[in-house]
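**Q** Have a look at the structure that comes next, please.
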Amino acid sequence: MATKPRKHPRITGVTAWQVDLPLHEGSYKWSGGNQVTVFDSTVVAIETDAGVTGYGEICPLGPAYLPAYAAGARAGIKELAPSLIGQDPTALGVLNRRMDAAMRGHPYVKSALDMACWDIAGKLAELPVAQLMGGRYGDGFRLYRAISQEAPKKMAARVGDYRREGYSKFQLKVGGDPDTDIERIRACAQALKRGDVLIADANTGWLMHQATRVVDAVKDVDVYIEQPCTTYEECRAIRERTQRPFILDEVIDGVPMVLRAAQDRAADVINLKISKVGGLTKARQIRDLCVSLGLAMIIEDTWGGDIVTAAIAHLAHSTPTEFLFAATDFNSYVTKEIASGAPRRRDGWLAASAAPGLGVTPIKSALGKPVLSIG
Ligand code: MG
């Protein structure tokens, strides 16, 4: 018996909210003297004529980390949203092509919109996003903990504090004065237990001569080196000067850079951030490519609250375990809960929600008044 084809859903409106996300620790510091005390996040809702609303979130790590800033995300969403009205939110490929045709670049602007459409697709299919992305591996996955840049002793003490919270992978924020950074890495390495993982993330903060001194001074330490310098070429030069395992992050902004890094053997692990590459659709493409290339990944975003953490969880949980080096639970770093149903860390592990879509419901009182409403 022929069944009537289901009517395609259409986008009827886009709403956005600005949310402040303060940090439990007061501030987060990384290379170049950069710090953030309150994260400026943007939540979007995409309404449809199918009785389903999808939610997304974008939260840059301040304006100095990547070519992205919070007010820019909102300005971009305002610019882009009218071109989405009337479109099918479940046709994710078509939708992404349309966003790319309507606005060149600005991947972070598109990230929350794409995320919200995945939420809609999952809700309509009555499947969690992790299922749509290939299905989950195991009961959960391991998280890493970023350690804000402080004096070496303080950072080493934090390793113990975070281990008591269940973490076993620690990412030190270095990329400052090379002599202090060497002390930071050595002090934290001494605080490690067997099986722990240590990453020194310079966030582009060193010049080549500085990075060369640091990697040479820690050559006897079991530490991963992440994005020592600004450009790909500089990072490659440092890669050739060290035996330490190597992670590329800021320069990995899309498929061409992943292919180039894989071809050049320029990294052992890449850091895949959802908004850096333009949303879950593109992040999933890169994730699958990395699996094919044999390249492990840290899966996360530039920052965020409950909705970003849920999106990370779906992408990470649907990644083969041996390829997932670590992921991040940003919602445990911030004091404000913005959605119910978001995954919560347990003993250093996280798991994607089994509810349809992203599995989160925004708490309207936490969002306040919308800053944007189109449609
Ligand atoms: Mg990094």
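The values are calculated or read from the model by the stated rules, or taken from the named source; none is laboratory data. These figures come from a predicted structure and were not determined experimentally. Don't worry about glycine lacking a Cβ; one is built from the backbone with ideal geometry, like all the others, and counts go over all protein chains shown. Only protein heavy atoms, including side chains, enter the accessible area calculation; ligands, DNA and RNA are left aside. Shrake-Rupley method; radii C 1.70, N 1.55, O 1.52, S 1.80 Å.
**Q** Which value at 222 nm does the chain reach when only helices count, each DSSP H run of 4 or more adding -39,500 (n - 2.57), with the total divided by all residues and rounded to the nearest 500 deg cm²/dmol? Mind dumping the intermediate values first?
**A** On the way: 13 runs with 133 residues, N = 375.
Here the helix-only value at 222 nm equals -10500 deg cm²/dmol.
**Q** Note the full-extension length gain between S27 and R10 as 0.36 nm times their separation in residues minus their Cα-Cα distance, in nm to one decimal. Don't skip to the end; give the middle numbers.
**A** On the way: separation 17, 0.36 × 17 = 6.12 nm, distance 4.15 nm.
Taking S27 through R10 to full extension adds about 2.0 nm, to one decimal.
**Q** What list of ³J(HN,Hα) values in whole Hz, one per residue of the stretch 238-248 in order, does the Karplus curve 6.51 cos²θ - 1.76 cosθ + 1.60 (θ = phi - 60°) give from phi, with Gly and Pro shown as x?
**A** Per residue, the Karplus-derived 3J(HN,Hα) values read 5, 3, 6, 9, 9, 9, 5, x, 10, 10, 10 Hz.
**Q** Then there's this: Among 129-136, 275-282, how do they line up from the highest to the lowest mean number of other beta-carbon atoms within 10 Å?
**A** 275-282, 129-136
**Q** Work from the charge dipole of the stretch 131-358 (Cβ charges, +1 for Lys and Arg, -1 for Asp and Glu, about the Cα centre) and give the residue of G205, T321, A156 farthest towards its positive end.
**A** T321
**Q** Now for a separate question. Once each part is reduced to its C-alpha centroid, what is the distance from the stretch 1-54 to the stretch 310-344 in angstrom?
**A** Each part reduced to its Cα centre gives a spacing of 15 Å.
**Q** Which value, in debye to the nearest 20, describes the size of the charge dipole of the chain about its Cα centre when Lys and Arg Cβ atoms bear +1, Asp and Glu Cβ atoms bear -1, and nothing else is charged?
**A** In total the dipole reaches around 560 debye.
**Q** Taking only protein heavy atoms into account and a 1.4 Å probe, give the accessible area per residue of the stretch 63-152 in Å².
**A** About 41 Å² of surface per residue is accessible.
**Q** Another question, if that's okay. If you count, for each residue, the other Cβ atoms within 10 Å and average over each peptide, how do 48-60, 217-229 line up from highest to lowest?
**A** Most protected by this proxy first, the peptides run 48-60, 217-229.
**Q** Take D220 and S373, extend 7 Å from each Cα along the Cα→Cβ direction, and tell me the distance between the two endpoints in nm.
**A** 6.6 nm
**Q** 7 Å from Cα along Cα→Cβ at both D196 and A64: what's the point-to-point distance in nm?
**A** Modelled inter-label distance: 2.9 nm.
**Q** Shifting gears a bit: Going by alpha carbons, how many degrees (0 to 90, nearest 10) lie between the helix axis of 70-80 and the longest principal axis of the chain?
**A** It is inclined by approximately 30 degrees.
**Q** Which stretch or stretches of the stretch 119-148 have amide N atoms under 13 Å from the point lying 7 Å from D347's Cα along the Cα→Cβ direction?
**A** Only 139-142 fall inside the zone, counting backbone N under 13 Å.
**Q** Give me the extension gain from A354 to H209: residue separation times 0.36 nm, minus the current Cα-Cα distance, reported in nm with one decimal.
**A** 47.3 nm
**Q** Whole-Hz ³J(HN,Hα) for each residue in the stretch 221-232, computed from phi via Karplus 6.51 cos²θ - 1.76 cosθ + 1.60 with θ = phi - 60°, x for glycine and proline: what do you get?
**A** Couplings: 9, 7, 9, 8, 9, 10, 5, x, 10, 5, 9, 4 Hz.
**Q** From the backbone phi of the stretch 191-198, what are the Karplus-calculated ³J(HN,Hα) couplings (6.51 cos²θ - 1.76 cosθ + 1.60, θ = phi - 60°) in whole Hz, Gly and Pro given as x?
**A** 8, 7, 10, 3, x, 5, 10, 10
**Q** Averaged per residue, what accessible surface does the stretch 259-342 expose to a 1.4 Å probe, in Å²?
**A** With all protein chains present, the stretch 259-342 gives 26 Å² per residue.
**Q** What FRET efficiency comes out for the pair K364/D161, r = Cβ-Cβ distance, R0 = 30 Å, nearest 0.05?
**A** After rounding to 0.05, the efficiency reads 0.30.
**Q** Classify the stretch 131-358: rounded, prolate or oblate, from the alpha-carbon gyration tensor (a ≥ b ≥ c, eigenvalue square roots; a/c under 1.5 rounded; otherwise prolate if a/b is larger than b/c)? Don't jump to the answer; show the numbers that get you there.
**A** On the way: a/c = 1.95, a/b = 1.28, b/c = 1.52.
Oblate is the answer for the stretch 131-358, as a/c is 1.5 or above yet b/c matches or exceeds a/b.
**Q** Over the stretch 95-225, what is the relative contact order in percent, taking alpha-carbon pairs closer than 8 angstrom and at least six residues apart?
**A** Relative contact order for the stretch 95-225 comes out at 19 percent.
**Q** If you don't mind, another one. Which residue, S292, S168, S340, has the most motion in a Gaussian network model of the chain that connects Cα atoms within less than 10 Å?
**A** S292
**Q** Something else now. Run the accessible area of the chain with a 1.4 Å probe and give the carbon-and-sulfur part as a rounded percent.
**A** 50 percent
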